[in-house]
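Engineer: This is the structure I want to talk about, given as structure tokens.
The values are calculated or read from the model by the stated rules, or taken from the named source; none is laboratory data. Here the structure is a predicted model, which means the values were calculated and not measured. Backbone-built Cβ (ideal geometry, glycine too); neighbour counts: all protein chains shown. Keep in mind that these areas ignore ligands, DNA and RNA; they rest on the heavy atoms of the full protein, side chains included. Shrake-Rupley method; radii C 1.70, N 1.55, O 1.52, S 1.80 Å.
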Amino acid sequence: QRRACDALVDGSSVLVAAPTGAGKTVVGEFAAWLALRTGGRAFYTTPIKALSNQKYADFTRAHGADKVGLLTGDNSINAGAPIVVMTTEVLRNMIYEDSIALEQLRYVVLDEVHYLQNRYRGAVWEEILIHLPVDVQTVSLSATVSNAEEFAEWLQTLRGRTEVIIEERRPVELRHWYFASDELLPMFLQKPDGEVLPNPRARDFDRRRQPYRPERGARRYPRRNSRAPLRSDVVDRLDAERMLPAIYFIFSRRGCDDAVQQCLRDSIRLTTSSERAEINALVEERVGDLSAAELAVLGYDSWLSGLLAGISAHHAGMIPPFKEAVEELFARSLVKVVFATETLSLGINMPARSVVLESLTKFTGEKHELMTAGEFTQLSGRAGRRGIDELGHCVVLYQRFTPFDVITRLASTRTYPLQSSFQPSYNMAVNLVRSYDRDEAKHLVNSSFGQFQADRDVVKLEQLRERNEAYLATYRERMSCDKGDVLEYRELVDRLKKLETGPPSRGPKRSRIADAISGLARGDVIEVSTGKKRGTYAVVEVSERSSERRPRILALSAQRSMVRLGPADFREAPAKVAKLDIPGDFDPRDPSARRDVARSLRSVDVGTQRARDLGHPDDPDEVRALKRSIARHPVDHCPERGRHLHFADRAARLEKELKSLDRRISRRTATLSKRFDRVLEVLETLGYVQDWTLTPMGDLLARIYNESDLLVAEGVERGLLDDLDPAAVAALASTLVYEARGPEPSVYTPMPTAGTRKTFARLMKLWEQIHQAEEQRGIDLTRMPDAGYAGRIHAWASGAPLDEVLHDDDAPGDFVRVTKQLIDLLRQLSGVATTPELRAKIDESVDVVNRSVVAYSSLQL
């Protein structure tokens, strides 16, 4: 903290990478204090609105409401204040619009900057760092990442002087536990010499999961089955061990809700009467403005029952006031156990004494995958409250399909690499065209962390290529022959191989090879012309042939090595090319005996006999002709022929590898710049950019920040909203923000009215045109509109109560979130409306959806 603050005073930007709970935010708060002291401004950015609200409250308590503002899309409070808390998208939009709010800006804090690897929103962080004026000092706050030095190097290249502070020590020691059946065991044990090893007793649970089959005669010991403990048993045990409060991670919303109900059924109660009174008072304050009917739809009574017992769920399916109440109650130690999905791991200030991981695998949308070491570190990092706990505890429950050794590797690995997700979008492209010339724009795209990482990969690939080229030069030198052209000879041999290649175990040719092997005798000299065993050999022993086994020979090479050869080692029937006199008492294990035979083998001239082998009478004419060409080639008579061909094969394989490396290098060099060019091609095709100048449609697109930005712009330009009433406008716009959860495609849902069905069909045609243009250029930026929520939104905009809008399987939190995203899009549409009448209609659409529980979730703080 002191190093980072000193660096800021000295005029440097800073990157602070430290574990959860290490006090990183102090550095950001110091930057805000410096702004107040020097008469400048500071923007504190966060990835999510909940964090922005939290920081706004913290700064207001510290500096007073007149000095602090908040901009999140939901809220706009005191935007001209010297300290403004905002989401990252708000700052990105300010930069692109060259807002006057950037005047006097001295410091920008990027909290949770490791979020830049988020697939959907991560590029925003890089856009800010790339476009922010270089005289603005940045404070980048990150969780511990294993490639912090790489990220810092990029920052220094991009932003100039940047102090890097990396702290890997946790402020509170973390202890790992394994809870299986009814045993809570330390995951690791320390030996007297200090070495730390996985607990063998915990590993024993893996053996218990296997079927018990004692050997005959062995004593039978009773053996218990391994099982994961019940959720209520885990809570009881943690309470008894004084390991509460705890965050219990379950990767399922329904699982979190079910866990609360199970604890209530099992009569878990973790609160005193005074604590229950305090909980009641706070909850009434939080939800007092919601009607009884709405509370009934939201499951208020069940939620409150859990809170009064000191237990709650926390997930995205809950409305914001419910989640915020849980967070505050947990922070005040009134709620002792929170069953949460992994979304809680992102920055929200809810430290716990213990973290419980029920499962180490989660569904990715396509399959179940084991979490990464970085994800494990993020979740377990919430254990241990700084200044309160001497120890934090991470409890992993018995994993039916994950061995204990895999769990210990996850727990002991500290690798959390930060990977860029930066990809040029349509909105980014038109803003670059508006603000820069072509070369500057490409330079900015190539300045991204994504390209920085790709270029580092290129350096590694170039080093590998250089090394392979050195090997190739050596192979070419070793394959050269003073008798003739080895490559020409190898081409003849390869052509013969292709002609002779057939099924390895069928046909007359394979039978001829087996017969020829059976006909060999001790002392016969043969040649193997292909494969790793290529060379000249003296036969030492021939196995007996039977109907079950194919014949094999034991042979000695000129280099004194013994090999076994079978039909699979020969492309053609082996023929005796010479004869050696090998004593009957020859012992292949005797080095001196092998040396004498190898010396005799090296003195044999096999060339004359090979020249006479012009092919078998059954061979096709082309094969016989090739064999004659090979036998007459000068390299065929070289005693080092096998060695030359060996290195020629290695050189050929290496040349293929080098071509593959060249392709990989080409794909990584300026990859984002090439993608930017393809994005521009789509925009030029559709009339948004012409000769590096924005058309009126391009100006419109530059003000739309949405995942389907180009489709939104097309819809406005083609007048899709002109003939719709406010409720229908909301319904149609919802298809551009709603996306069904899970891997299964949405069940087809018709649009709610005839007018919206007709307009949605036009929207789908526009999407198909854009999708076709993208497909032709190998990009995929615009997802298909989804009408799955249009009926609910139309009903809500038409004034229907919440209980009539939500379906039985709908999560209220999802409805609120989708509606707030819709409101954000509608406000953007109002800003680009082509006529005053359309703007008034869109504004009315915002008013009719921003009511009741939706508006209550966006109240100013």
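Engineer: Given the options Thr536, Ala441, Ser354, identify the residue whose Cα lies farthest towards the positive end of the charge dipole of the chain (+1 on Cβ of Lys, Arg; -1 on Cβ of Asp, Glu).
Structural biologist: It is Thr536.
Engineer: Then there's this: Given that just one value was derived from the coordinates, which of (i) 40; (ii) 19; (iii) 31 is percent of Cα pairs over 50 Å apart?
Structural biologist: Only one option fits the structure, namely (i).
Engineer: Going by amide H atoms built from the backbone, whose H comes under 5 Å of the H on Ala309, apart from near neighbours?
Structural biologist: Placed amide hydrogens put nothing under 5 Å from Ala309.
Engineer: What full-extension length gain, to one decimal in nm, is calculated for Ser252 and Glu153 as 0.36 nm per residue of separation minus the Cα-Cα distance? Intermediate values should be presented prior to the final figure.
Structural biologist: On the way: separation 99, 0.36 × 99 = 35.64 nm, distance 3.84 nm.
Gain on stretching Ser252 to Glu153: 31.8 nm.
Engineer: Here's a follow-up. For the Cα atoms of the chain, what angle does the longest principal axis make with the long axis of helix 148-159, in degrees from 0 to 90, nearest 10?
Structural biologist: Value to nearest ten degrees: 70.
Engineer: OK, next. Residue by residue through segment 644-660, which ³J(HN,Hα) values in whole Hz follow from phi under the Karplus form 6.51 cos²θ - 1.76 cosθ + 1.60 (θ = phi - 60°), with glycine and proline marked x?
Structural biologist: Running phi through 6.51 cos²θ - 1.76 cosθ + 1.60 with θ = phi - 60° gives 4, 5, 4, 6, 5, 5, 5, 5, 5, 5, 5, 4, 5, 4, 5, 5, 5 Hz.
Engineer: What is the spin-label model distance, in nm, from Ser181 to Gln261 if the labels are put 7 Å beyond Cα along the C-beta direction?
Structural biologist: 3.1
Engineer: Give the angle, between 0 and 90 degrees and rounded to the nearest 10, that separates the Cα long axis of helix 486-500 from the longest principal axis of the Cα atoms of the chain.
Structural biologist: For 486-500 against the chain, the angle is about 90 degrees.
Engineer: With every protein chain in place, what's the accessible area of Arg3 (1.4 Å probe, Å², nearest 10)?
Structural biologist: Accessible surface of Arg3 is approximately 130 Å².
Engineer: Return the sequence-ordered ³J(HN,Hα) values of segment 131-140 in whole Hz as given by the Karplus equation 6.51 cos²θ - 1.76 cosθ + 1.60 applied to θ = phi - 60°, using x for Gly and Pro.
Structural biologist: These are the phi-based 3J(HN,Hα) values: 9, 4, x, 5, 7, 7, 7, 10, 10, 9 Hz.
Engineer: Shifting gears a bit: Between Glu97 and Val848, how high is the FRET efficiency from 1/(1 + (r/R0)^6) when r is the Cβ-Cβ distance and R₀ = 35 Å? Nearest 0.05.
Structural biologist: Details: r = 28 Å, r/R0 = 0.80.
Result of the calculation: an efficiency of 0.80.
Engineer: Which angle from 0 to 90°, rounded to the nearest 10, does the C-alpha axis of helix 449-479 make with the longest principal axis of the chain?
Structural biologist: Between the helix axis and the principal axis of the chain, the angle is about 0 degrees.
Engineer: Gain in length, Asp405 to Ser435, computed as 0.36 nm per residue apart minus the alpha-carbon separation, to one decimal in nm?
Structural biologist: Numbers: separation 30, 0.36 × 30 = 10.80 nm, distance 5.44 nm.
Difference between extended and current length: 5.4 nm.
Engineer: Loop only per DSSP, at most 14 neighbouring Cβ atoms within 10 Å: give me the chymotrypsin sites (Phe, Trp or Tyr not before Pro) in segment 111-201, ordered by residue number. Can you show the working numbers first?
Structural biologist: Details: sites: Tyr115, Tyr120, Trp125, Phe151, Trp154, Trp177, Tyr178, Phe179, Phe188; in loops: Tyr120.
Here the chymotrypsin sites (Phe, Trp or Tyr not before Pro) that fit, given the DSSP loop and packing criteria, are Tyr120.
Engineer: Tell me which residues come under 5 Å, amide H to amide H, from Trp177 once H is placed; ignore anything under 5 positions away on its chain.
Structural biologist: The answer is Met187, Cys394, Val395, Val396.
Engineer: Sticking with this structure for a sec: Figure the gain on full extension for Arg564 and Thr693 (residue separation times 0.36 nm, minus the Cα-Cα span) and round it to one decimal in nm.
Structural biologist: Details: separation 129, 0.36 × 129 = 46.44 nm, distance 7.36 nm.
Additional length available on full extension: 39.1 nm.
Engineer: Can you compute the charge dipole magnitude of the chain about its Cα centre, using +1 on each Lys and Arg Cβ and -1 on each Asp and Glu Cβ, nothing else charged? Give it in debye, rounded to the nearest 20. Don't jump to the answer; show the numbers that get you there.
Structural biologist: Working: 123 positive and 124 negative charges, 992 e Å.
My answer is approximately 4760 debye.
Engineer: On to the next question. Rolling a 1.4 angstrom probe over the protein heavy atoms, how many square angstrom per residue are accessible across the chain? Intermediate results must be reported in sequence, preceding the final value.
Structural biologist: Details: 41530 Å² over 861 residues.
Here the residues of the chain average 48 Å² of exposed surface.
Engineer: Applying the Karplus parametrisation 6.51 cos²θ - 1.76 cosθ + 1.60 with θ = phi - 60° to the phi angles of segment 806-814, what ³J(HN,Hα) value in whole Hz is obtained for each residue in order, glycine and proline being reported as x?
Structural biologist: 7, 8, 4, 9, 7, 8, x, x, 5
Engineer: Could you tell me which residue out of Leu826, Gln690, Gly69 lies farthest along the dipole of the chain toward its positive end? Charges go on the beta carbon: Lys and Arg +1, Asp and Glu -1, centred on the Cα centre.
Structural biologist: Towards the positive end, the residue furthest out is Gln690.
Engineer: Using modelled backbone amide H atoms (1.01 Å from N, in-plane), which distant-in-sequence or interchain residues come within less than 5 Å of Val85's amide H?
Structural biologist: Placed amide hydrogens put Tyr44, Gly69, Leu70, Leu71 under 5 Å from Val85.
Engineer: Could you grab the relative contact order for segment 1-97? Cα pairs under 8 Å, six or more apart, rounded to a whole percent.
Structural biologist: On the way: 118 pairs, mean separation 22.8, N = 97.
Relative contact order of segment 1-97: 24 percent.
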